[in-house]
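FYI, it's all coordinate maths here, none of it is from the lab. From a predicted model like this one, the values you see are computed outputs, not experimental measurements. Every residue, glycine among them, receives a Cβ derived from its backbone with ideal geometry; neighbour counts consider all protein chains shown.
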Amino acid sequence: MNTIGGKIQSQYLLKIKKIVDSDNNGDKFIIRRRPKNIEFMREYGLNDEDIKDIIRGLSVDDCFSGPEKDRDPQYQGWIFKFDPIFEDTKLYIKIRIENTEKSVCLSVHEFGKYDEVN
């Protein structure tokens, strides 16, 4: 993490964790209810708090992409992609930080199960 990019990722990861910690039932941190996310959560028996715990456990080493602007121009903020190990399974987690008080988990599922690892 001696690079400028690593320091930037570290700062944003701290922001993400702070938002997750201050969330109260989805007022600051939202997990998109996309079919792939729901399927993953059901398969592993996870709820929103479990996903928050996985995110709290992220490290800068888990971040393989970001910060990058959202490709969808209707959304502001920065996208980060992570690939932590959870129960011996590599995950794909995509998070958008919209501002200092709001973040959205766009994707959480097994890495490589879908084509969006770019």
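For the set Lys18/Lys113; Lys7/Lys113; Lys28/Lys52; Lys36/Lys94; Lys18/Lys69; Lys17/Lys113, the pairs lying more than 19 angstrom apart at their alpha carbons are Lys18/Lys113; Lys7/Lys113; Lys18/Lys69; Lys17/Lys113. In the chain, the calculated helix contribution to ellipticity at 222 nm averages -10000 deg cm²/dmol per residue, counting -39,500 (n - 2.57) for every DSSP H run with n ≥ 4.
Placing R0 at 30 angstrom, the Cβ-Cβ distance between Lys18 and Ile38 gives a FRET efficiency of 0.70 after rounding to 0.05.
The packing ranking, built from the mean of other Cβ atoms within 10 Å per residue, places the peptides 62-69, 90-97, 32-39 in the order 90-97, 62-69, 32-39, highest first.
Here the gap between Glu68 and Asp53, fully extended at 0.36 nm per residue and compared with their Cα-Cα distance, gives a gain of 3.0 nm. Taken as Cα centroids, the range 36-94 and the range 13-32 sit 12 Å apart, rounded to the nearest whole angstrom. Contact order, relative form, for the chain: 26 percent (alpha carbon pairs under 8 Å, 6 or more residues apart, mean separation divided by residue count).
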